[in-house]
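Novice: Structure provided below as C-alpha cells; questions to follow.
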Amino acid sequence: TVNITLNGLKVAVPASSTILDSCKANNCFVPTLCYHPRLPESGSCRLCLVDVEGCGSPLPACRTKVWEGMNICTETERVADAVRLNLEMIAQNHCFSCASCAVDGECELQDLLRIYGIPQPANTITPLLFGGSSAIACDSTKCVACGRCVQACAALQGLGVWEYGGRAHASLPQTSGHAPLDATACINCGQCATFCPTGALTERDQVAEVMAVIRAKKAAGKTVVIQTAPAVRVTISEAFGMEPGTVTTGQLVAALKKAGFDHVFDVDFAADLTIMEEGTELLSRLGKGGPMMTSCCPGWVNFVEKHYPDFIPNLSSCKSPQGMMGAVVKTYWAEKMGIAPEDIFLVSAMPCTAKKDEAARPQLEGDVDVVLTTRELARLLKLHRPGVNFSTLAPESFSDPHGLGDSTGAAVLFGASGGVMEAALRTVHAVVTGEELPDALLDLEGAVRPNGESLHTATVPVGDANVRVAVVHGLQATREFLERLKAGEEYDFVEVMACPGGCVGGGGNPSSQDGDILARRTAGIYGDDVNMAVRRSHKNEGVKALYDEFLGSPNGHKSHELLHTTYTD
Ligand code: HC0
Ligand code: SF4
C-alpha cells in the first residue's frame, strides 16, 4: 500500500491504484463519462480531473497512478471550473431531446449537467447517416464520443464494429464506411448499448408498441401473454434500486399482472424442455464427431453464421427456450385454452437485444410477437400508472393450469455462463446411469462453473463415459477457442454465450458501474437454483405433461417439427 492524502484525509490504498480507484474506494466523487470499471480506460472525456499538490495543472484521475505521499484535492475551484468547461463542450455537441429519449432519467450526461448546474443547450445536430439493426437503435446526435462502445465491442467481443474516424465527424465512433449495423460484423449482442452512457446506442424501443397492445386488447380480442427469461428475475431488481443479485421473481410476476398481462409464463419451463431435447440430441451425437454446441444464444448463433459458418453443423438443432416457448404457446397452450393462435400476443422479457433479432428469424415463424429487454421492461413497469412500487409488491407465482409456469433450479442456471451445461449434465447423468445425482452433488462439485474464467474446460464422468466439455463466454474468448478447435482440440459438448458472464451480462440489462456486477448477478442465479423445490429439468411436471399429452418423446417427430430449427450461412 501507499499513504496518500485525499481531500485532507490520510488514507492507505493499494500501490497499483489509480487516483480514481482511490477516490471510489473512499467515497469521494469524481465525475467520469468515458471510464468504466469493466473496460480498458481511454481517457477521452477529460472530466475526471483532480488537483495534486506540486503539479501545475489538474491531472486525469483515471490514468494517474498514486504515489507515496500524494496529496489530492478533488474539490478546488480550479478543478470545478475545468470540469464545467469540458462538460459544456460535450453538451454543445449533444441533442437534448430528453423527453423522447429511451434513457431519460438514467443518462449519465444528464446527471452530470445537473450536478454541475449546467443548462441544456437547445442544439440542432445533424445526424450521421447510418442505421441500426432489428435490435439496436443508433442516434449519433446523442453520442458524447466517450468511446465505451468502441472498447466494449473490441475488448470484450473482439468484433471491432465501432471505430473512430471515417469521412465525417472523425471524433465520433461510427461503423466502418457508415454502414448500417446489419451490414457489419455486428451480431446484435448489445454490449455497446449497455455500456453507452447516453441514448446514442440503445435497444430498438418497443415499449409503446406493447403498451398499445395491452390498452387495445379487449377491443381487439387479444390475450396478451409474457414469458420472462432466467436472468431477468435477477437483473430487473437493479432498475428498481435494489442490490445486484437480488432475485425478485415473485414481484416481477405480480408487477406484470398489474401492468395488464393476462398470463405470465416462465421461460425456465422452456429451458427445461430444451434440456430434454438437447440432452437427447447430445446422447445421439456422442462419439460421432463433434463437439455439439449449444444454440440458445442468438448472439452466438449470429456469430457462427456470420463469422464461422464451418461450425454450423456443430450447432444443436434445438430452438432456443424463447423459440420453444413460442411454439408451445401457439399450439399446445392455444388448443388447451381454446384460443386461436392469432389471438395470442406473446411478449418475451429478455436480458438480451439479440433475442429481438432471433424472434424475427423466419425459422421461428413469428411465434414471439415482441421482445422487450430488461431495461424496456423496467420502463414499461415504471410508466404503468398507478405506479407499480416494485420492491414492496406482494410476490405472486407463475401460474398456469397447463403447466407452462412450472420450472426448476436447473432452468434458472441458464441465466449464467455454464448453466446450460450444468443443467444438461444433471439430466444426461440421470438418463445414462438410471440414477439421480444426489442433491449435494447437483452442482457437479462446481466442475462446469467458470468462476470468472472466460473459457473453462472439464472432463465429467457420466456412467462409463467421460464427457469432455467446454464453457466459453464473451466473443473474444470464443474466437480464440474456435481457433483451438480448428487446430485439433477435441470436446464432446460446448456451451457458448456471446455476452461476458452469459445472460446475466446480456446487452439488454440495466447498465451498472459495479465492476463485480457479473459475479453478483451470477451468485443470485446460483442461490435461486438452491432455493427451488425441483432442481432437475426431467422432473418438471409441466414438461412431462407436455410430452405425455402432445409431443410424444424428446427428439420425436412432433418435437422436431415444433422445437427444432435450421441455420443459414
Ligand atoms: Fe438467456 Fe435463454 S438463458 S438465452 O441467456 O438458453 O436472453 O436469461 O432467456 O431463450 O432459457 C437470454 C437468459 C434466455 C433462451 C433461456 C437459453
Ligand atoms: Fe443474448 Fe444471453 Fe447471448 Fe448475450 S449471452 S447475446 S444476452 S442470449
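The values are calculated or read from the model by the stated rules, or taken from the named source; none is laboratory data. The shown structure was predicted, so the numbers you read here are calculated from the model rather than taken from an experiment. Cβ sites come from the backbone with ideal geometry, for glycine too, and all protein chains shown count toward neighbours. Remember, those area values only see protein heavy atoms, side chains included, never the ligands or the DNA or RNA. Shrake-Rupley method; radii C 1.70, N 1.55, O 1.52, S 1.80 Å.
Novice: Scan region 355-370 for residues that are near ligand 1 (Cβ under 9 Å from one of its atoms) and under 21 Å from M211 (Cβ atoms) and jot them down.
Specialist: Applying the first criterion (near ligand 1 (Cβ under 9 Å from one of its atoms)) to region 355-370 yields 355, 358.
The answer is K355, and nothing else.
Novice: Collect the residues in region 327-354 that are among the small types (G, A, S) and more than 10 Å from ligand 1 (Cβ to nearest atom), keeping them in residue-number order.
Specialist: A327, A334, G338, A340
Novice: Looking only at region 481-503, which residues are of a type in the set (D, E, K, R) and either in a loop (DSSP other than H, G, I, E, B) or under 20 Å from the mean Cα position of the chain (by Cα) (or both)?
Specialist: Of everything in region 481-503, those that are of a type in the set (D, E, K, R) and either in a loop (DSSP other than H, G, I, E, B) or under 20 Å from the mean Cα position of the chain (by Cα) (or both) turn out to be E489, E490, D492, E495.
Novice: Shifting gears a bit: Just for region 504-525: of the residues that are open to solvent by less than 50 Å² (accessible area, probe 1.4 Å) and in a helix (DSSP H, G or I), which one is farthest from ligand 2 (Cβ to nearest atom)?
Specialist: G524
Novice: Exactly one condition in (1) more than 21 Å from L282 (Cβ to Cβ); (2) within 10 Å of ligand 1 (Cβ to nearest atom); (3) polar (S, T, N, Q) is not met by Q322; state its number.
Specialist: (1)
Novice: State which residue is nearest to ligand 2 (Cβ to nearest atom) when the search covers only region 338-357 and only residues that are within 15 Å of M324 (Cβ to Cβ) and open to solvent by less than 10 Å² (accessible area, probe 1.4 Å).
Specialist: M350
Novice: If you check G287 against the conditions, is it surrounded by fewer than 23 Cβ atoms within 10 Å (Cβ to Cβ), at pLDDT below 95 and farther than 18 Å from E561 by Cα?
Specialist: Here the answer is yes, as G287 does meet what is asked.
Novice: Restricting to region 550-569, count the residues that are within 18 Å of A334 (Cβ to Cβ), open to solvent by 60 Å² or more (accessible area, probe 1.4 Å) and out of contact with any Leu (no Cβ under 6 Å at 6 or more places or on another chain).
Specialist: 1
Novice: Inside region 250-276, can you point out the residues that are of a type in the set (D, E) and either in contact with a Lys or Arg (Cβ under 6 Å, 6 or more places away or on another chain) or surrounded by 24 or more Cβ atoms within 10 Å (Cβ to Cβ) (or both)?
Specialist: D266, D268, D272 - these are the residues of region 250-276 that are of a type in the set (D, E) and either in contact with a Lys or Arg (Cβ under 6 Å, 6 or more places away or on another chain) or surrounded by 24 or more Cβ atoms within 10 Å (Cβ to Cβ) (or both).
Novice: Same structure, new question: Would you pick out the residues in region 517-552 that are in contact (Cβ under 8 Å) with a residue 60 or more places away in the chain and of a type in the set (G, A, S)?
Specialist: Once the filter is applied, which keeps residues that are in contact (Cβ under 8 Å) with a residue 60 or more places away in the chain and of a type in the set (G, A, S), region 517-552 yields A519, A523, G524, G527, S537, G542, A545.
Novice: Being crowded, with 24+ Cβ neighbours inside 10 Å and within 16 Å of ligand 1 (Cβ to nearest atom) is the filter here, so list the residues in region 179-204 that pass it.
Specialist: Within region 179-204, I187, N188, C189, G190, Q191, A193, T194, E203 meet the criteria.
Novice: Picking from V213, V207, V232, which residue would you name as being open to solvent by less than 20 Å² (accessible area, probe 1.4 Å) and either away from ligand 1 (no atom under 16 Å from the Cβ) or more than 30 Å from M292 (Cα to Cα) (or both)?
Specialist: V207
Novice: A further question follows. What residue, of C186, C107, is within 19 Å of N302 (Cβ to Cβ), under 27 Å from the mean Cα position of the chain (by Cα) and not aliphatic (A, V, I, L, M)?
Specialist: Residue meeting the stated conditions: C186.
Novice: Then there's this: Pairs needed: first member in region 260-273, on the phi > 0 side of the Ramachandran plot; second member anywhere, part of a helix (DSSP H, G or I); C-beta distance under 9 Å; at least 6 residues apart or different chains.
Specialist: From residues that are on the phi > 0 side of the Ramachandran plot, the pairs are G260/M211; G260/I214; G260/R215; G260/K217.
Novice: For residues in region 415-439 being open to solvent by 10 Å² or more (accessible area, probe 1.4 Å) and not aliphatic (A, V, I, L, M), which is nearest to ligand 2 (Cβ to nearest atom)?
Specialist: Filtering region 415-439 down to residues open to solvent by 10 Å² or more (accessible area, probe 1.4 Å) leaves 429-439.
If we keep only those that are not aliphatic (A, V, I, L, M) as well, we get 429, 433-436, 438-439.
Working: H429: 25, T433: 31, G434: 33, E435: 32, E436: 29, P438: 30, D439: 28 Å.
Residue satisfying both the conditions and the ranking: H429.
Novice: Check I525 against each of (1) under 30 Å from G105 (Cβ atoms); (2) among the β-branched types (V, I, T); (3) in contact with an Asp or Glu (Cβ under 9 Å, 6 or more places away or on another chain) and name the one condition it does not meet.
Specialist: So I525 meets the others, but not (3).
Novice: Looking at region 235-249, which of the residues that are open to solvent by 10 Å² or more (accessible area, probe 1.4 Å) and of a type in the set (G, A, S) is farthest from G105 (Cα to Cα)?
Specialist: G245
Novice: Let me ask another. If you take the residues in region 109-134 that are out of contact with any Pro (no Cβ under 9 Å at 6 or more places or on another chain) and crowded, with 18+ Cβ neighbours inside 10 Å, which one is nearest to T32 (Cα to Cα)?
Specialist: Filtering first and then ranking leaves Q110.
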